[in-house]
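First up is the structure itself, then whatever we jot down about it.
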Amino acid sequence: MKMTKSFLTSCCCCLVIQILLAAQSAAPAESKSFTSTTTTTTNIDHDDDTIPTFHTQDEQQKASDYANYFSSYADLYHQKIMLKDQHRMNAYYNAIMKNQHVFRDKVVMDVGSGSGILAVWAAKAGAKRVYAVEYTDMAKHARNVVKANGVDHIVTVIQGAVEDVKIPIEDWEAFNLQTEEDAADEECRDESMSCKHQQSQVVDIIISEWMGYFLLRESMLDSVIRARDMFLKPKSGILLPSHATMLIAPIMNEDHHNMVVQEYSEAIDDWNDYLANSKKQYGVDMSILTEEYEKEQRDYYLTSSYWVQLDHDAILAPPIIVKTLDLAVCTLEDAKGVGETEFLFDIASSEGGAKGDKIDGFAGWFTVDFQSRTDEVGKEFGAKITNPVHFSSSPEIGDTHWGHQVFYFTPAILIQSNDKVTLDGTMEMIRSKQSARLYNVKFQYTIEAAADGSNNLMDMVESVYQIQ
């Protein structure tokens, strides 16, 4: 996909757009006045955006998906990063251990179990059987963790894709597994165990830490939804977390923004130096490649989002919700991204212009909740979470390993003293054509500056970013 970013310029005495660094200059940013421009509409691809299930992929697809996604999760170093995230760990620990009445004598499935710690907690909370499903070789470490913590008689680690998992046939009798329809299904009850093996909705609780950057990156939610449809009791089963929300807000993050554009400028300068040296020293003109090189650098530096740990005071306006998910009922289609969603942000300059005097871009993060089901069927039959837990990756709660996805403006927007700037537009997020585990985000918005009773409306800005 070709990624483009619109460069907005317009004339206004109250609002100044700052170009942090020009493409050919590494000098500090300068303010530029506006001239009217027209932006080019850019479409983001809606082609094949489905994560194929493992039992339908060929071996080449499976190997590619492992190399690009799963492989890093097989490393203890990668697991340690997540295990050291106290906000993450406390949320899951409290959701499980403070609701032990929900887990007691229940069947639990941990999707993407990793080190197995959630499965261990589930067993300690009273579950009678826990299936810890892990695709990578981290499964062998999970087995050791389970055994070392004395719950290997409850937890069984299954290495493989959850789409391929089968409930062990011997578990039906050993753990008295039952579906919600078992009581009325006397015909199957009287037959051999192979009959029950065809029914798999015996799980009472699915736990999973599936969230990626800006919630959806990595597309692991697909696997959770498939696990829900295959294994969870449809009326009474619950998922933890149960609900998820995506949010965006405008931010000021000048130092990192300047560094990004500085690095872009240096990359362009380095190429120009190389061209001159190549022609002088070797007699070869490589300038034919300049256009493609510059596009590569723009895509990498200017039209890719950044993982950043923002401070709480970086947020310039209250965040708005762009998507909510109810894990009990959401669909694979819901997991594919964010439909075109409207936003409206009013950002005022701070007193004396000391804070809020620049808008560097948008930031995105998420929250999840561990609570009772809210769908009509679940409200009647689902287990009741008496101690709900809320987790947020917002800048206000401190650092998490998810960080925040930042989408920098090029150029940044300066707000003069006593100004107010309004960003009015839409945001859309869809899966990348190159990889269904990655996403592209498009913002379209107008900028309106207001000061001393006058309003100045700028042209439409359109920016498309890659979440890598």
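The values are calculated or read from the model by the stated rules, or taken from the named source; none is laboratory data. This one's a predicted model, so the numbers in the text were calculated from it and none came from an experiment. Quick reminder, even Gly has a Cβ in these numbers, built from the backbone with ideal geometry, and neighbours come from all protein chains shown. Note: accessible area is taken over every heavy atom of the protein model, side chains too, but ligands, DNA and RNA are not part of it. Shrake-Rupley method; radii C 1.70, N 1.55, O 1.52, S 1.80 Å.
Things to note:
- Accessible area, probe 1.4 Å, largest first, for residues Tyr274, Tyr213: Tyr274, Tyr213
- Normalised contact order of segment 195-289, rounded percent, pairs of Cα under 8 Å and 6 or more residues apart: 25
- For the pair segment 197-231 and segment 90-106, the centres of their Cα atoms are 18 angstrom apart.
- Stretch gain in nm, segment His312-Leu76, where the contour uses 0.36 nm per residue and the Cα spacing is subtracted: 81.9 nm
- Distance from segment 328-345 to segment 364-437 (C-alpha centre basis), Å: 11
- Listed pairs Lys106/Lys379; Lys147/Lys384; Lys233/Lys379 exceeding 23 Å between Cα atoms: Lys147/Lys384
- Label point at His101 placed 7 Å out along Cα→Cβ; residues across segment 224-260 whose backbone nitrogen lies under 17 Å: 238
- Its Cα centre serving as origin, segment 129-178 has a Cβ charge dipole (Lys and Arg +1, Asp and Glu -1) of approximately 200 debye.
- Per-residue extension of 0.36 nm, minus the Cα-Cα distance of Gln468 and Glu333, leaves a gain of 46.5 nm for this segment.
- Shown for segment 273-341: the carbon plus sulfur share of the solvent-accessible area, taken with all protein chains present and a 1.4 angstrom probe, equals 52%.
- Carbon and sulfur %, accessible surface of segment 390-468 computed with the full protein complex present, 1.4 Å: 42
- Leu289 contributes an accessible area of around 80 Å² to the protein surface, as traced by a 1.4 Å probe with all chains present.
- For segment 68-134: accessible area per residue (Å², 1.4 Å): 39
- Per residue, segment 210-321 exposes 45 Å² of accessible surface when a 1.4 Å probe is rolled over the protein heavy atoms with every protein chain present.
- Pair Asn144, Glu380: separation of 7 Å Cα→Cβ label points (nm): 5.0
- Pairs spanning more than 28 Å between alpha-carbon atoms, out of Lys420/Lys442; Lys336/Lys358; Lys98/Lys235: Lys336/Lys358.
- List Trp271, Trp365, ordered by accessible area with a 1.4 Å probe, largest first: Trp271, Trp365
- Probe 1.4 Å, accessible area per residue of segment 356-452, Å²: 33
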